[in-house]
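Read the structure below first, then the notes.
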Protein chains: 2
Amino acid sequence: MKQITPRTLSGFMELLPGEQAKMEKMMEQLRKNYSLFGFTALDTPIIESAEVLLAKGGGETEKQVYRFTKGDSDLALRFDLTVPLAKYVALHYGELAFPFRRYQIGKVYRGERAQRGRFREFYQADIDVIGDGQLDILNEAEIPSIIYRTFSSLGLTKFVIRVNNRKILSGFYALLGLAEKSGDIMRAVDKLDKIGTEKLRALLVGEELGLTDEQADEILRFISIGGSNAEVLAELEGYRGKNEIFDLGLDELKAVVAYLPEFGVPETNFAVDLTIARGLDYYTGTVYETTLTEHPEIGSVCSGGRYDDLAGYYTDRKLPGVGISIGLTRLFYVLSEQGLLSDAIITSPADVLIIPMAEDLSFAVQTATVLRDAGLRVQLYTEKKKFKAKMTYANKLRVPFVALIGEDELAQGKVSLKNMESGEQTLLTPAEAADAARRLIQEKECEKVIRG
Amino acid sequence: MKQITPRTLSGFMELLPGEQAKMEKMMEQLRKNYSLFGFTALDTPIIESAEVLLAKGGGETEKQVYRFTKGDSDLALRFDLTVPLAKYVALHYGELAFPFRRYQIGKVYRGERAQRGRFREFYQADIDVIGDGQLDILNEAEIPSIIYRTFSSLGLTKFVIRVNNRKILSGFYALLGLAEKSGDIMRAVDKLDKIGTEKLRALLVGEELGLTDEQADEILRFISIGGSNAEVLAELEGYRGKNEIFDLGLDELKAVVAYLPEFGVPETNFAVDLTIARGLDYYTGTVYETTLTEHPEIGSVCSGGRYDDLAGYYTDRKLPGVGISIGLTRLFYVLSEQGLLSDAIITSPADVLIIPMAEDLSFAVQTATVLRDAGLRVQLYTEKKKFKAKMTYANKLRVPFVALIGEDELAQGKVSLKNMESGEQTLLTPAEAADAARRLIQEKECEKVIRG
C-alpha cells in the first residue's frame, strides 16, 4: 500500500488528549459564564458566499481570507464571528427579539504568515448584545462583570479590565481642534504600551500627524491621567462643558463605572484607562481591553467595545451593539507557554479504570454500569496484557482511580478501589466505590484550569 | 453604502436561537454520555493537506471534497472524522496510550447535490476505540451500551440497535462457494430494507452477481432467521463447524450479546439482525445500525463497526478499532421535521428576565448578581420601552421567570417573581427568588430533548 507521511498543517493547533481536556474545560467555562448573562448559543456556517462575507471589502483581512470556488460558487471561510453575526441578524431580523444576546465559540480562518504562536485556524469566543435602533448603556456597564466572572471562573486572579470611551477621546481631540485627525491619533495612542511615551510624542508631532508641540503635550498630559477610578473621573470632570461628545462620553463612562460593585467587580480588577482606544473605527463608545497583570507582554486577552452600526453592509436598519471577543486558541497557547495551565485538574479520559483479572467479566461490567449510573466516567480494561502493563496504562492516562477485580474481590462481590494519587486501596461494593470516587472527583472538578 | 443581500448558502444549517438551544442540548448529552465510557475529547483541524486527507483516494467521496489552494498549498476540508483520526493516531502514536478512546463532535464537508435534508456542512459525532496491534472483543460488546445510554438520555425510547458480524456473513458465503462475491452480496443484502425480498432475489440471481437459484434461496433463508436473540444464536449454531471464519464470527457475536444485561441494555432495544452488513469493506467484524422503530424510513441514525486497519495509508502499524458515528445535523433535521423535538425543554437564553421599573438600577443589578451566583441565567432588561413591550420581549424569548422591580419592591428590598407559565407572582427577596427559580429550572433541566 502506498503510504503518505501523516502531518498536520503549520498554523493549525492539534492538541494531545491531556491538553485537549484543558481546552475543553476552558470552553465549558466560557459557555457556562456567557450563559449566566443570558446569551444564547449560536452556530453559523464556516463557509459563506464570498460576496456576503467580504461585503465590507478591502483591508488586510481580505488578503488573508481563504477563498475558493466549488462548482460555480465563489466561497470563503469566515475570518471572524462578527461578519457572520451581522449577516445572521440582518437575515433573520424578523424572527429575533431585541436586544439580541448571542455567544458563539467557533473556528475562524486567516492565512497569516506562519510563525510560532500565530494560528491560521483558531477559536474565537464572542458575545454581543445587538439593539434594534437603540441600546441602553447598562449593556455596556455589564460587560466588565461578564469578563470578570468568566476569567475568575477559569482561575485567573491577576488581571485588569481596562475601560475607556471613544466619545471622550474624540470629544477631547475636537476640543484641541483635531476632530478630523481623531481616528489617526487614537491609532497612534493605542500603540503607547508597545512604543512608550517618547516615541508616541515623536509620532504625534511627526510628519504624518503633524500636531503642534502644545497639542502633543495636551494629549500626553490627558492620557497620563491616572489614579483610582474616582480620581480619574473627577479629573475628567474638569473638561466638562466644552464639547458635547466629550460630555456624553463622560456620562457613559460614569454609568459603566457606577454599577461595578453591584455587578460584583472588585476595583482591583478594573481600571479606567484613557490610553485605550482600540484600533478600529468601528467602535463608537465604551471600549474594553483585558490584560494579565504579570504578563503585559501577552497584550489584551479579551477586547471589544460599543459600535453603532453592526450590519450596514446588509441592511438599512440601525443595529447598535456591544461585544467582546476572546482569541481562545492564542490565549490557550500563551497560557500553556507560560506554564499557567494547571495540572491539578483531571485530564484523564476516565475517573475510574476497571481492571478485571478473572475470566468472567459479568461483575466487572456490572460495576462499570453502577459507576456510570452514578455519573462517573469509566473505562473497562480487558486487553490481554500483564498486570504491570495495565497499571502503566492507568498511569499514562493519569486516572484518579483503578478498580481491581480479582478472584477474591469477585467472591465477595466487591472491588479494590485504588486511589492512584495516595496509593490507598480499599475493598468496597460497587455502590460504595461509586460514592468514594465521586467525593474526590467532585473536589477535583472545582479545580481551576488556569493558575494565577 | 453599497449593500449586499444577506444569505446563507443552501445545504448549510443555520438555526434560530430556540432551535439552536435544542441542538446544544443534544451535543451536551452526547459529550456527557461519550465521556461516561472513558472517551477523551479530540479536536482536529477542519483543513488538512489534500495529499494527507485523500491518501486513500478514489471513490464518490473524493468528487465531493472541498479542495482548493492557498499560496502553494493544496488543501482540503475534512469530509469525515475517521481519516483525521487515522492521521492523528499515526502522527501522535508515540504519545498516546492504547487502547485509545476518543470522541469527536465536529463539522465535516461534502459538496453533495443540494436537496432538502441534504447538508454540505454537517456535524458528525464519532467515537472510536483504537487498539495497538489487537483489541479485545469487550470493546465491541460495549458499543450497544453506549448507543443505548446516549439515545435514552436524549429521550428516545423506541429504537433498536441492530447488530451483526461480517465474519458470519463472509463465512456463510464461503460455505456456499461464494467467497469471492462476498462483498458484492453483502452490499446487495444491505439494500433489503429498501427494495424488499423479491427485488433482492432478482439482484442475487441477476447478471451482475450470477448466483444460482439454490444459492439465492440459501441466502434468503439465512437472512430471514429471526426471533429472539437467543433463538437466532441457536439457529446459527446449526452452521457451526463448517467454516472457521463463520465460527469465529459466531463466537464474537455471542460475546457481544453475552454482557448486554450487565451493560444495562434491555432486550427490547437490541436485535441480532443478519441482514445488516454496512456497505463498506472497511468493516471486518461486528457491525451496528440503529433504527427508530416508528420511523424506519429515516434509516440508521447511528452506525459503525469493527475494523482491522485504521491507518494503513499512513503507517505499517496494525491499528484495529471499533467505532460508531451519528450524523448529528441530519438527525436533528429529521427529528425536527417529524415533530419529535420537545418543546418542554428550556430554550430561552435566560431563566430569569429582570425588569427594573425604578430609576436607580443598583438593586436590580444586585439581584442579577445574586441570581447568577446561584447558577441562574439572567438578563437585565433596561431598554426604554413601555411595560407591555417588555413583557412581549419576555414572551418572545419564552423565559420561565420575570422578576419585576418597581418602587414598591425597591422599598422592601424584594422582587415580584412571576412564573410565566402559571402566571403566579410572588414577592420575594433576591435569595428567595433564586431558590424558587432554581427549583423549577432544575426540574425542567431533566426534560429530554427528544420525545419518543
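If you sort the three axes of the alpha carbon gyration tensor as a ≥ b ≥ c, you get a/c of 1.5 or more for region B:237-341 and a/b no higher than b/c, which makes it oblate. Taking 0.36 nm per residue of separation and subtracting the Cα-Cα distance, full extension of the segment from A:Glu445 to A:Thr197 would add 84.7 nm. Couplings for region B:48-56, taken from phi via the Karplus curve 6.51 cos²θ - 1.76 cosθ + 1.60 with θ = phi - 60°, read 10, 4, 4, 4, 5, 5, 9, 3, 6 Hz in order; Gly and Pro are left as x.
Taking amide H as placed 1.01 Å from N in the peptide plane, A:Gly285 has its amide H under 5 Å from the amide H of A:Arg166, A:Arg306, each at least 5 places away in sequence or on another chain.
Of all DSSP-defined beta bridges confined to the protein assembly as shown, some 75% are antiparallel rather than parallel. The C-alpha atoms of chain A define a longest principal axis, and helix A:192-205 lies at about 20 degrees to it. Per the rotation superposing chains B and A, the chain B residue found at the smallest beta carbon distance from the axis is B:Phe68, 2, distance in Å. Note on A:Glu235 and A:Glu407: the extension gain reaches 54.0 nm, defined as 0.36 nm multiplied by sequence separation minus the Cα-Cα distance. Oblate is the label for region B:23-134. Its Cα gyration tensor axes, ordered a ≥ b ≥ c, give a/c of at least 1.5 and b/c at or above a/b. For B:Glu294 and B:Gln64, a Förster radius of 25 Å and the Cβ-Cβ distance give a FRET efficiency of 0.20, rounded to the nearest 0.05. Take B:Glu297, move 7 Å from Cα toward the beta carbon, and the resulting point lies 6.4 nm from the same point in each other copy, nearest first. Accessible-area loss of 50 Å² or more (1.4 Å probe, protein heavy atoms, chain alone versus all protein chains) is found in region B:93-121 for B:Ala97, B:Pro99.
Can you give the angle from 0 to 90° between the axis of helix B:387-397 and the longest principal axis of chain B, with both taken from C-alpha atoms, to the nearest 10? So the inclination is approximately 10 degrees.
Helix A:328-337 and the longest principal axis of the C-alpha atoms of chain A enclose an angle of approximately 70°. Whole-Hz Karplus values for region B:117-133 come out as x, 9, 10, 8, 10, 8, 7, 10, 10, 10, 10, 8, 10, 10, x, 9, x Hz, taken residue by residue from phi with 6.51 cos²θ - 1.76 cosθ + 1.60 and θ = phi - 60°; glycine and proline positions read x.
Name the residues of region B:258-278 whose accessible area falls by at least 20 Å² when all protein chains are present instead of the chain alone, probe 1.4 Å? The answer is B:Tyr259, B:Glu262, B:Phe263. For chain B, the share of DSSP beta bridges that are antiparallel, to the nearest 5, is 75%. Peptide A:363-373 shows a mean partner chain C-beta count of 5 within 10 Å per residue C-beta. For region A:38-88, rounded, prolate or oblate, judged on the Cα gyration tensor with a ≥ b ≥ c (square roots of eigenvalues), a/c < 1.5 rounded, else prolate if a/b > b/c? Here region A:38-88 falls in the oblate category. Stretch A:Asp184-A:Glu359 to full length: gain in nm at 0.36 nm per residue minus the Cα-Cα span? Fully extending the segment from A:Asp184 to A:Glu359 adds 55.4 nm. On a straight-distance basis, which lysines could pair with B:Lys63 in a cross-link, Cα separation under 19 angstrom, same-chain partners fewer than 8 positions away excluded? Hits, sequence-local ones excluded: A:Lys70, B:Lys107.
Using heavy atoms of the protein chains and a probe of 1.4 Å, the accessible area assigned to A:Lys396 is about 110 Å². For a quick check of understanding: with a 1.4 angstrom probe and all protein chains in place, what accessible area in square angstrom does A:Cys446 have, to the nearest ten? That residue has around 100 Å² of solvent-accessible surface. Across region B:356-406, the convex hull enclosing all Cα atoms gives 71 Å³ per residue.
Converting phi to 3J(HN,Hα) with the Karplus coefficients 6.51, -1.76 and 1.60 and the offset θ = phi - 60°, region B:15-21 yields 8, 6, x, x, 5, 4, 4 Hz in sequence order, with x at every glycine or proline.
Sorted from closest to farthest, the other copies place their A:Asp213 label points 11.3 nm away, with each point set 7 Å from Cα along Cα→Cβ. With label points set 7 Å from Cα along Cα→Cβ, the inter-copy distances at B:Lys32 are 1.3 nm, sorted shortest first.
Among DSSP beta bridges lying fully in region A:312-444, give the percent that are antiparallel, nearest 5. Here the share of antiparallel DSSP bridges comes out near 50 percent.
The values are calculated or read from the model by the stated rules, or taken from the named source; none is laboratory data. Treat the numbers as computed from the prediction; the structure is a model and nothing was measured. Glycine also receives a Cβ, built like all others from the backbone with ideal geometry; neighbour counts cover every protein chain displayed. Accessible surface is based on the protein model in full, side chains and every heavy atom, while ligands, DNA and RNA are left aside. Shrake-Rupley method; radii C 1.70, N 1.55, O 1.52, S 1.80 Å.
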